[in-house]
Amino acid sequence: MNKESELLLISNLIDVYGNLLTDKQLIYIKMYYFEDLSLNEIADEFNITKNAVYDSITKSINNLKEIDSKLNFISKREQRKKVYSKIKEKELKDELMKIDNLI
């Protein structure tokens, strides 16, 4: 998985399941993935070890992935977006056809 797709997955996991994390877990993940801070920088900020930050982030992400593998909310949300897009596109085409008096 490349960095961009990993970041998108993490973003989706946080968006859908972020409330299941503790405040600290969420902060560590956001600092690491979205603020681009290193594990050392995060560890220094919270006066903990680099390994503690790494373990927290890794366990949190793995837990969110496991939850999503069972619930599939992210995949269902993506499917809904595609359907909504098709519906919207169809509605727009219908509107244009009405304007052009073809319906």
Let me have the 222 nm mean residue ellipticity of the chain computed from DSSP H runs of 4+ only, each contributing -39500 (n - 2.57), with the sum over all residues rounded to the nearest 500.
-25500 deg cm²/dmol
At 0.36 nm per residue, minus the direct Cα-Cα distance, what do I99 and K86 gain on full extension? Give it in nm, one decimal, please.
2.7 nm
Figure the gain on full extension for S11 and N51 (residue separation times 0.36 nm, minus the Cα-Cα span) and round it to one decimal in nm.
12.1 nm
Looking at the P(r) of region 27-103, how many percent of alpha-carbon pairs lie beyond 15 Å?
70
Set of aspartates and glutamates near K76 by C-alpha distance (under 12 Å), chain-local residues within fewer than 8 positions excluded
D68
The alpha-carbon pair-distance distribution computed for region 1-56, with 10 angstrom bins and whole-percent values, is 24, 53, 23, 0
Listed by chain and number, the lysines with an alpha carbon less than 19 angstrom from that of K81, same-chain partners under 8 positions apart left out, are K90, K93
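FYI, it's all coordinate maths here, none of it is from the lab. What you see is a predicted model; the values in this text were computed from it and never measured.
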